[in-house]
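Only one structure is covered here, and it is reproduced in the block below.
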Amino acid sequence: MASLGVRRMNQPLGIRVCCCRICTCINFGFVLSPGGLLKLMQLGLATLCEGLLIRYGVPYADSIGQALTSFLATTGHCFTTTGILLLCYCFSDKSYGLIRQSLFVSSQIC
(Lines give C-alpha, C1' and ligand atoms only; values in the text may rest on other atoms or scores of the structure.)
Protein backbone atom coordinates (compact mmCIF):
# COMPACT_ATOMS: atom_id res chain seq x y z
CA MET A 1 0.00 0.00 0.00
CA ALA A 2 1.24 3.48 -0.85
CA SER A 3 2.09 5.86 1.98
CA LEU A 4 1.83 9.61 1.62
CA GLY A 5 4.56 12.01 2.71
CA VAL A 6 3.65 15.30 4.37
CA ARG A 7 6.04 18.22 4.07
CA ARG A 8 5.34 19.81 7.44
CA MET A 9 5.94 16.67 9.46
CA ASN A 10 9.59 16.03 8.46
CA GLN A 11 8.66 12.86 6.60
CA PRO A 12 9.88 11.96 3.12
CA LEU A 13 7.84 13.55 0.37
CA GLY A 14 5.54 11.93 -2.18
CA ILE A 15 4.14 8.43 -2.48
CA ARG A 16 6.25 5.48 -1.42
CA VAL A 17 6.13 2.62 -3.90
CA CYS A 18 8.34 -0.37 -3.03
CA CYS A 19 11.81 1.08 -2.51
CA CYS A 20 11.39 4.50 -4.11
CA ARG A 21 9.23 7.61 -3.87
CA ILE A 22 7.26 9.18 -6.69
CA CYS A 23 5.41 12.51 -7.01
CA THR A 24 7.63 14.21 -4.46
CA CYS A 25 6.57 17.65 -5.67
CA ILE A 26 3.00 17.27 -4.39
CA ASN A 27 2.17 18.70 -0.97
CA PHE A 28 -0.36 16.22 0.37
CA GLY A 29 -0.27 17.93 3.76
CA PHE A 30 -2.11 20.95 2.40
CA VAL A 31 -5.12 18.92 1.28
CA LEU A 32 -5.59 17.60 4.83
CA SER A 33 -5.06 20.98 6.50
CA PRO A 34 -8.03 23.23 7.42
CA GLY A 35 -7.28 25.54 4.49
CA GLY A 36 -7.12 22.60 2.11
CA LEU A 37 -10.39 21.18 3.37
CA LEU A 38 -11.97 24.60 2.90
CA LYS A 39 -10.75 24.68 -0.71
CA LEU A 40 -12.15 21.19 -1.31
CA MET A 41 -15.52 22.26 0.14
CA GLN A 42 -15.53 25.37 -2.07
CA LEU A 43 -14.78 23.21 -5.09
CA GLY A 44 -17.57 20.79 -4.16
CA LEU A 45 -20.11 23.57 -3.64
CA ALA A 46 -19.20 25.22 -6.93
CA THR A 47 -19.56 21.89 -8.72
CA LEU A 48 -22.92 21.24 -7.05
CA CYS A 49 -24.28 24.70 -7.88
CA GLU A 50 -23.04 24.53 -11.46
CA GLY A 51 -24.53 21.09 -11.98
CA LEU A 52 -27.89 22.07 -10.52
CA LEU A 53 -28.02 25.23 -12.59
CA ILE A 54 -27.24 23.41 -15.80
CA ARG A 55 -29.64 20.56 -15.12
CA TYR A 56 -32.62 22.47 -13.74
CA GLY A 57 -32.02 26.13 -14.63
CA VAL A 58 -31.11 26.13 -18.30
CA PRO A 59 -34.49 24.77 -19.49
CA TYR A 60 -36.17 27.77 -17.81
CA ALA A 61 -33.58 30.35 -18.85
CA ASP A 62 -36.15 32.48 -20.67
CA SER A 63 -38.39 32.82 -17.61
CA ILE A 64 -35.52 33.23 -15.09
CA GLY A 65 -33.70 35.83 -17.14
CA GLN A 66 -30.39 37.51 -16.45
CA ALA A 67 -30.07 36.09 -12.93
CA LEU A 68 -29.38 32.61 -14.30
CA THR A 69 -26.63 33.86 -16.56
CA SER A 70 -25.05 35.86 -13.75
CA PHE A 71 -25.14 32.95 -11.31
CA LEU A 72 -23.73 30.56 -13.94
CA ALA A 73 -20.86 32.96 -14.58
CA THR A 74 -20.22 33.37 -10.85
CA THR A 75 -20.16 29.66 -10.10
CA GLY A 76 -18.01 28.98 -13.17
CA HIS A 77 -15.44 31.56 -12.10
CA CYS A 78 -15.52 30.29 -8.51
CA PHE A 79 -14.89 26.73 -9.71
CA THR A 80 -12.02 27.82 -11.97
CA THR A 81 -10.35 30.07 -9.39
CA THR A 82 -10.65 27.53 -6.57
CA GLY A 83 -9.34 24.73 -8.79
CA ILE A 84 -6.32 26.76 -9.88
CA LEU A 85 -5.52 27.84 -6.32
CA LEU A 86 -5.88 24.27 -5.05
CA LEU A 87 -3.44 23.04 -7.70
CA CYS A 88 -0.99 25.84 -6.89
CA TYR A 89 -1.17 25.16 -3.16
CA CYS A 90 -0.70 21.41 -3.66
CA PHE A 91 2.39 21.82 -5.81
CA SER A 92 4.08 24.65 -3.93
CA ASP A 93 4.38 25.51 -0.25
CA LYS A 94 5.77 28.89 -1.23
CA SER A 95 2.67 29.80 -3.25
CA TYR A 96 0.48 29.03 -0.24
CA GLY A 97 2.58 31.41 1.85
CA LEU A 98 2.39 34.15 -0.78
CA ILE A 99 -1.28 33.86 -1.79
CA ARG A 100 -2.86 33.03 1.55
CA GLN A 101 -3.42 36.66 2.49
CA SER A 102 -5.93 37.01 -0.33
CA LEU A 103 -9.71 36.99 -0.10
CA PHE A 104 -9.79 33.33 -1.06
CA VAL A 105 -8.69 31.95 2.31
CA SER A 106 -10.20 32.92 5.62
CA SER A 107 -7.61 34.09 8.13
CA GLN A 108 -9.52 32.45 10.99
CA ILE A 109 -9.18 28.97 9.49
CA CYS A 110 -5.50 29.05 8.58
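The values are calculated or read from the model by the stated rules, or taken from the named source; none is laboratory data. On a predicted model such as this, the values are computed, not experimentally measured, just so you know. Positions of Cβ are backbone-derived with ideal geometry, glycine not excepted, and every protein chain shown enters the neighbour counts. With ligands, DNA and RNA removed, areas are computed over all heavy atoms of the protein, side chains included. Shrake-Rupley method; radii C 1.70, N 1.55, O 1.52, S 1.80 Å.
Heavy-atom accessible surface of the range 16-65, averaged per residue, reaches 66 Å², computed with a 1.4 Å probe.
A Förster radius of 30 Å combined with the Cβ-Cβ distance from Leu37 to Thr74 puts the calculated FRET efficiency at roughly 0.85. State the percentage of accessible surface on the range 42-91 attributable to carbon and sulfur atoms; use a 1.4 Å probe and exclude ligands, DNA and RNA. Ligands and nucleic acids excluded, carbon and sulfur give 73 percent.
FRET efficiency for the Val17 to Ile84 pair, using the beta carbon distance and R₀ = 30 Å, is estimated at 0.60.
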